[in-house]
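Rule-based calculations on the coordinates, nothing more; no lab input. The shown structure was predicted, so the numbers you read here are calculated from the model rather than taken from an experiment. Neighbour counts run over all protein chains shown; Cβ positions are idealised from the backbone, glycine included.
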Amino acid sequence: MIASISNRATRHQITDVLESPFPLVSRQVSSRRTIVDVSGVKIGGLNIVVMAGPCSVESREQLLPTAHAVKAAGATILRGGAYKPRTSPYDFQGLGVEALRLLKEAREITGLPVVTEVMDTEDVDTIVDYADMLQVGARNMQNFALLRRLARVNRPILLKRGPSATIKEWLLAAEYLLAGGNENVVLCERGIKTFETETRNTLDLASVARIQELSHLPVIVDPSHATGRRSLVPAASRAAIAVGADGLIIEVHPDPDHALSDGPQSLDIQGFADLMQTIQRPLRRV
């Protein structure tokens, strides 16, 4: 661990850094923020990065038009679920490898890098063959066996905050990845559980600003899961950018009312295009 820290910090800083509960993730390690490269798309640099696509890949007819549309609107990474963690065992669980094949086809046609969720250590090697970035979903933020496995893969990791996780717990989860050797980690605030029932979760925008004080890792926001209401996604997206987020991950579906998962929080094609028109791209701090 000390050798890894030495790559980022001068020798006289190491003692102070080791006092942090998450020394490798800590802002003390680096005076410059980390930039994570996802097949040519840089997260944490000068531009706001937007990842967009369906919650679940349902078919070729659904995915390819969506991929073309989100790219045309300005998204630079395609998101899509192949394996879906669902609260009910009777809900759609994803197409698995077939969805991965469709995502790969969409990448080849559009040129958009792909991010998709990994739920199980047994699926890691398969997903690595298809995806440019692997997502750890909120339910798996503290799946330490999965984190240790992902620390050894040659892919950037998108680490979502757990619904009841503190900022410290979230950063400690990221520490597992860096301690295991994978420094290409992007954090994602996706809302936390509170007493509020009008939204699916409560978007913790203060955590985005606080993360940037505590850590050198880039942080993006998921306004779809944070609000659970498509009408709130545009406002939440703009607020996330205003508070300093490095990017957004947004659910987009050509027919949200008939989506097999997360339809109420998904934008349709036109809604996403309208949102992208309102997003300004200010210069970022590096």
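Counting only pairs 8 or more places apart or on different chains, how many lysine pairs in segment 32-278 have C-alpha atoms closer than 29 Å?
For segment 32-278, qualifying lysine pairs total 16.
How would you rank Phe144, Phe92, going from fewest to most other Cβ atoms within 10 Å of each one's own Cβ?
Details: Phe144 11, Phe92 15.
The order, fewest Cβ neighbours first, is Phe144, Phe92.
How charged is the neighbourhood of Thr194? Take every other residue with its Cβ under 12 Å from the Cβ of Thr194, and add Lys/Arg as +1 and Asp/Glu as -1.
-1
Just to confirm a number: summing +1 for Lys and Arg and -1 for Asp and Glu over residues other than Asp204 whose beta-carbon lies under 11 angstrom from that of Asp204, what do you get?
With Lys, Arg at +1 and Asp, Glu at -1, the neighbours total +3.
Select from Ser20, Ser88, Ser231 the residue whose mean-square fluctuation is largest in a Gaussian network model of the chain (Cα-Cα springs shorter than 10 Å).
Looking only at Ser20, Ser88, Ser231, the largest GNM fluctuation is found for Ser88.
In terms of the Cα gyration tensor, with a ≥ b ≥ c the square roots of its eigenvalues, is segment 32-278 rounded because a/c is under 1.5, prolate because a/b exceeds b/c, or oblate?
Cα axes put segment 32-278 in the rounded bin.
What number, in percent, do you get for the relative contact order of segment 161-286 if the mean sequence gap of Cα pairs under 8 Å and at least 6 apart is divided by its residue count?
Relative CO of segment 161-286 lands at 19 percent.
In what order do Val25, Val50 fall by count of nearby beta-carbon atoms within 10 Å, going from fewest to most?
Going from sparsest to densest Cβ surroundings: Val50, Val25.
Exposure proxy check: Leu78, Leu64 ranked by fewest other beta carbons within 10 Å?
The most exposed by this proxy come first: Leu64, Leu78.
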